[in-house]
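Asker: Take a look at this one; I'll ask things after.
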Amino acid sequence: KSLTLGPDDHLHLEGFASSVFAKADKQDRAGRADINTAKTFYAASIFFEILSQFGELQPDLEQKQKYAIWKAAEIRKALKEGRKPEAGPPGGDKDDAPASTTTIDHDMGRSQSFGNRQNGNEASPHPIDKGF
């Protein structure tokens, strides 16, 4: 059997990946990071990786993916060493971390990055073989 994806399915996945990232980021910035926060950051990084199958990630999403991978490892390392994980990005400068929210401008721009699909150049949805 195969799974048929519609032209806007990447937007649903992007929203889901961003919400998983935002959940972990909120917990971390509140200073309440634990092993579940690390797992949530890691899951977000995987969802961003899956999203890259639709095409190249936008720079802000790629930054979130890299940050999520780093933050998951950093939290696990701190817990393993018996210390409290440092909230936010390296050095505690919260302005350097990727924002956990998206804007309408960003969401509108996202669909433009998939020009061939959005402009109707691909007449049918993409079948994906689940037997791999």
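The values are calculated or read from the model by the stated rules, or taken from the named source; none is laboratory data. Note that the structure is predicted; figures quoted are calculated from it, not measured. Note: ideal-geometry Cβ built from the backbone for every residue, glycine included; neighbour counts use all protein chains shown.
Asker: Quick one: in segment 10-61, of everything that is acidic (Asp, Glu) and in contact (Cβ under 8 Å) with a residue 24 or more places away in the chain, which residue is farthest from Leu79 (Cα to Cα)?
Answerer: Among those residues, the one meeting the criterion is Glu56.
Asker: Quick check on segment 8-21. Is at least one of its residues among the polar types (S, T, N, Q), closer than 24 Å to Gly91 by Cβ and at pLDDT 95 or above?
Answerer: Pass one, segment 8-21, residues among the polar types (S, T, N, Q): 18-19.
Of the ones still in play, those that are also closer than 24 Å to Gly91 by Cβ are none.
Within segment 8-21 (the criterion being among the polar types (S, T, N, Q), closer than 24 Å to Gly91 by Cβ and at pLDDT 95 or above), the answer is no, since none of the residues qualifies.
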